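First up is the structure itself, then whatever we jot down about it.
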Amino acid sequence: GSNSGAARAYSGKTGAQLYEWTGDSQLDGFGVFVDDAGDMNNDGYTDSVVGAFQDDLISNNVGSTWVFSGKDGSELFHAYGDASGDELGVIVHGRRDIDHNGFPDVISGAYWNDLFGNNTGLTRIFTMCEATVLEYGAGCAGSGGFVPHFGIHGCPTGNSTIELTLEDAFGGTSG
């Protein structure tokens, strides 16, 4: 859309622009947050994840997360936040295989999501293989939507679990 923002991929070899993607609604913040998604569709090319935290296409500032093919620039998938003001895509990260299915997953934050309480925030994990959303917790209750940074230790398989380490802005942690 007009004034929606953009993300571009450039060749590491020649510096030539390979792809340009734009958001779907005006002033949606598309491309403010971008990361290497890994090879999400297992085609041998590194894909890209792009956040558009102020995406208004389906609701005011619902936000969205987009994954694009490194092979041809096509859209692999996108997802929107749950409700107005969620701001899904305010942070995006890729390359980790969190569910240990052989495909990298994408992590996306929604500062103001209300699923676990008013403005507690939510971190969503998207996987390509099974086309499902895995939810691994919310932000800190009473924090005004702060979505903490987290690290994942261990690899889930079968009936195993993963441990999330939450860190606040000052480096304090809670397991």
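The values are calculated or read from the model by the stated rules, or taken from the named source; none is laboratory data. Treat the numbers as computed from the prediction; the structure is a model and nothing was measured. Positions of Cβ are generated from backbone atoms using ideal geometry, with glycine treated the same way; all protein chains shown enter the neighbour counts. Calculation scope for accessible area: heavy atoms of the full protein, side chains included, ligands and nucleic acids excluded. Shrake-Rupley method; radii C 1.70, N 1.55, O 1.52, S 1.80 Å.
In table form, for the structure just shown:
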quantity	calculated
Residue count, region 64-74 (criterion: in a strand (DSSP E or B) and more than 11 Å from residue 50 (Cα to Cα))	0
Residue check, residue 125 touching a residue at least 24 places away in the same chain (Cβ under 8 Å), in contact with an Asp or Glu (Cβ under 8 Å, 6 or more places away or on another chain), buried (at least 17 other Cβ atoms within 10 Å of the Cβ) and part of a strand (DSSP E or B)	yes
Residue list for region 2-20, filter: open to solvent by 40 Å² or more (accessible area, probe 1.4 Å) and either acidic (Asp, Glu) or touching a residue at least 40 places away in the same chain (Cβ under 8 Å) (or both)	18, 19, 20
Filtered residues of region 84-108 (kept if touching a Leu at 6+ places or on another chain (Cβ under 9 Å) and either more than 12 Å from residue 126 (Cβ to Cβ) or part of a loop (DSSP other than H, G, I, E, B) (or both))	86, 98, 99
Residue in region 35-44 that is crowded, with 16+ Cβ neighbours inside 10 Å, acidic (Asp, Glu) and either within 13 Å of the chain's Cα centre (by Cα) or part of a strand (DSSP E or B) (or both) present	yes
Members of region 1-34 found to be under 13 Å from the mean Cα position of the chain (by Cα), outside any loop (DSSP other than H, G, I, E, B) and among the aliphatic types (A, V, I, L, M), listed by number	34
Filter pass, residue 23 being touching a Gly at 6+ places or on another chain (Cβ under 8 Å) and either surrounded by 22 or more Cβ atoms within 10 Å (Cβ to Cβ) or at pLDDT 95 or above (or both)	yes
